[in-house]
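Colleague: One structure follows; several queries about it will come next.
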């Protein structure tokens, strides 16, 4: 089934978020943490993040929050123990606030699905800050359910800054394109595609690598250019995350395996509106500004 341009546009719209919902949810999280005896006197920060913050959601999705605590230790084992204690304290505080129901512990986040306080679904990530004085600039955490916990470093501050600049430079077409790719994922998932082959945050990173000049107001065509770029294996090794901190494609735990991306974009090629192009450009990925002090 081919999508028409109007169908793709309709599927890519951002639903309206009820006024005050993010602020209410953040206040609820802060209240839960403030009531925790194990966090009494502890210094931490709470930040909103994720697709609803960045305007790249196509459904009324989870609200994402970071609970960030600074670590002055240079010892990796000490930082891991601090993070594990923080996660346990945050989890216990949320369970108490919820009255013992509605919290699910996942490998990365603490998820609230059902609750007595009229909250939307929340994903809460306890983590440590790697930058003193800038709690959300660079963070670290570990997977909680693997036999050998995987250490993950992320740069949400740079992600937000770089994606905002990209969206401004493309007159909003960057986020339109991200939503279009997510809409395509939804259509393909209805047909049997495993959504895990195309994580939403990696779709966003991929679109960020497309040079600004290709975001020309024709979202379907922009999605087609991205599709052909991946299927042709065009400069994939040079593409990075939105923060610019890491290579996008590879075999690492947080990278996109090229074989998975190919499966997704083969499906995308089948349902995207036909292109008006007879050939596709050779692309050099757009660069993300990554301060040397934060580079891995």
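Colleague: So if R0 is 25 Å, what FRET efficiency would residue 81 and residue 23 give, r being the distance between their Cβ atoms, rounded to the nearest 0.05? Let's see the in-between values first.
Modeller: Working: r = 33 Å, r/R0 = 1.33.
The computed FRET efficiency comes out at 0.15.
Colleague: With springs only between Cα atoms under 10 Å, which of 12, 48, 148 fluctuates most in a Gaussian network model of the chain?
Modeller: So, out of 12, 48, 148, the one fluctuating most is 148.
Colleague: Once both labels are modelled 7 Å past Cα along the beta-carbon direction, what's the residue 105-residue 42 spacing in nm?
Modeller: Taking the simple label geometry, residue 105 and residue 42 are separated by 1.4 nm.
Colleague: Whole-Å semi-axes of region 21-154's equivalent ellipsoid, largest first, each the root of 5 times a Cα gyration tensor eigenvalue?
Modeller: Working: eigenvalues 104, 58, 44 Å².
With the √(5λ) rule applied to region 21-154, the semi-axes are 23, 17, 15 Å.
Colleague: Please report the antiparallel percentage of DSSP beta bridges with both residues in the chain, rounded to the nearest 5.
Modeller: On the way: 18 of 27 bridges.
Within the chain, antiparallel bridges account for around 65 percent of the total.
Colleague: To the nearest 0.05, how large is the calculated FRET efficiency for residue 218 and residue 247 if R₀ is 22 Å and r is the Cβ-Cβ distance? Before the final figure, lay out each step's value.
Modeller: Values: r = 29 Å, r/R0 = 1.32.
So, using R0 = 22 Å, E works out to roughly 0.15.
Colleague: Hey, another quick one. Given Cα pairs under 8 Å that are at least 6 residues apart, what percent is the relative contact order of the chain? Walk me through the numbers before you get to the answer.
Modeller: Details: 455 pairs, mean separation 49.9, N = 296.
Normalised by residue count, the contact order of the chain is 17 percent.
Colleague: Ok, one more. Please report the spacing between the Cα centers of region 173-242 and region 51-74 in Å, no decimals.
Modeller: Value for the Cα centre distance between the two parts: 21 Å.
Colleague: Angle, helix 156-169 long axis vs. longest principal axis of the chain, Cα atoms, 0 to 90°, nearest 10?
Modeller: Rounded to the nearest ten degrees, it is 30.
Colleague: Quick check: pseudo-label points 7 Å beyond the Cα along Cα→Cβ at residue 189 and residue 59, how many nm apart are they?
Modeller: Each label point is offset 7 Å from its Cα along the Cβ direction, giving 0.5 nm.
Colleague: Still on this structure, please answer the following. If you take the beta carbon distance between residue 14 and residue 150 as r and set R0 to 30 Å, what does 1/(1 + (r/R0)^6) give as a FRET efficiency, to the nearest 0.05? Please list the in-between numbers first.
Modeller: Details: r = 32 Å, r/R0 = 1.06.
That gives a FRET efficiency of 0.40.
Colleague: Rounded to the nearest 500, what is the chain's calculated 222 nm mean residue ellipticity when only DSSP H runs of at least 4 contribute -39500 (n - 2.57) each, over all residues? All intermediate terms of the calculation are to be shown ahead of the outcome.
Modeller: Working: 9 runs with 116 residues, N = 296.
-12500 deg cm²/dmol, from helical runs alone.
Colleague: Hey, another quick one. Can you report the principal axis dimensions of the chain using only the alpha carbons, biggest first, rounded to whole angstrom?
Modeller: Principal extents (largest minus smallest coordinate, Cα): 65, 42, 36 Å.
All of the numbers you see were taken from the coordinates with simple rules; none came from a lab. This is a predicted model, so every value here is computed, not measured. Note: ideal-geometry Cβ built from the backbone for every residue, glycine included; neighbour counts use all protein chains shown.
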